[in-house]
């Protein structure tokens, strides 16, 4: 009887370990599938909840999302102040100015901040970092 219980416990532990491993592996594969850009993969750490980006005026900023607003922190705090806003203006992968807004029902992207022109809903931001390298952050990564 004790052998049966011991053998059953070992099987349960092995099954749970396999399930945890499969879940972690599946999450990693899904993450990789969403951040790679094709010919040039974005350089991403596994978990990153901030973005260091270039603003339209070539100033360096750091941002993340808290309470559905972008928290902005300037690198140059003698000229600029930290603040929160529902939008963020950044330089995209091709060197063009973009603006992203968080609204109650979606996150929307507009080229050059032209909200009357063509816009698109996004789940990730493709931007240039402080070194000019292409980066990608999902909105889930940026939420704190």
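Counting only residues that are in contact (Cβ under 8 Å) with a residue 40 or more places away in the chain and under 23 Å from residue 76 (Cβ atoms), which one in segment 115-133 is nearest to the chain's Cα centre (by Cα)?
The selected residue is 125.
Starting from residues that are surrounded by 10 or more Cβ atoms within 10 Å (Cβ to Cβ) and in a helix (DSSP H, G or I), keep the ones in segment 31-47 and report whichever is modelled with the lowest pLDDT.
Top of the filtered list is 35.
Quick one: which strands (runs of 3 or more DSSP E) lie wholly within segment 64-114 and hold at least 2 residues that are over 15 Å from the mean Cα position of the chain (by Cα) and surrounded by fewer than 14 Cβ atoms within 10 Å (Cβ to Cβ)? Steps first, answer last, please.
Values: elements: 69-74, 83-85, 87-91, 97-102, 107-111.
Answer list for segment 64-114: 83-85.
So is residue 23 modelled with pLDDT under 75, surrounded by 10 or more Cβ atoms within 10 Å (Cβ to Cβ), closer than 30 Å to residue 136 by Cβ and under 30 Å from the mean Cα position of the chain (by Cα) or not?
Numbers: modelled with pLDDT under 75: no; surrounded by 10 or more Cβ atoms within 10 Å (Cβ to Cβ): yes; closer than 30 Å to residue 136 by Cβ: yes; under 30 Å from the mean Cα position of the chain (by Cα): yes.
No.
Out of all the residues in segment 75-97, which are over 18 Å from residue 143 (Cβ atoms) and in contact (Cβ under 8 Å) with a residue 24 or more places away in the chain?
75, 89, 91, 92, 93, 95, 97 - these are the residues of segment 75-97 that are over 18 Å from residue 143 (Cβ atoms) and in contact (Cβ under 8 Å) with a residue 24 or more places away in the chain.
Tell me which residues, restricted to segment 48-63, are assigned to a loop (DSSP other than H, G, I, E, B) and within 16 Å of the chain's Cα centre (by Cα).
Here is the first cut: in segment 48-63, the ones assigned to a loop (DSSP other than H, G, I, E, B) are 48-50, 55-59.
Scanning segment 48-63 gives 48, 49, 50.
The values are calculated or read from the model by the stated rules, or taken from the named source; none is laboratory data. Just so we're clear, the structure is a prediction, and the values are computed from it rather than from any experiment. When we count neighbours, we look across all protein chains shown, and the Cβ atoms used for this are built from the backbone with ideal geometry, even at glycine.
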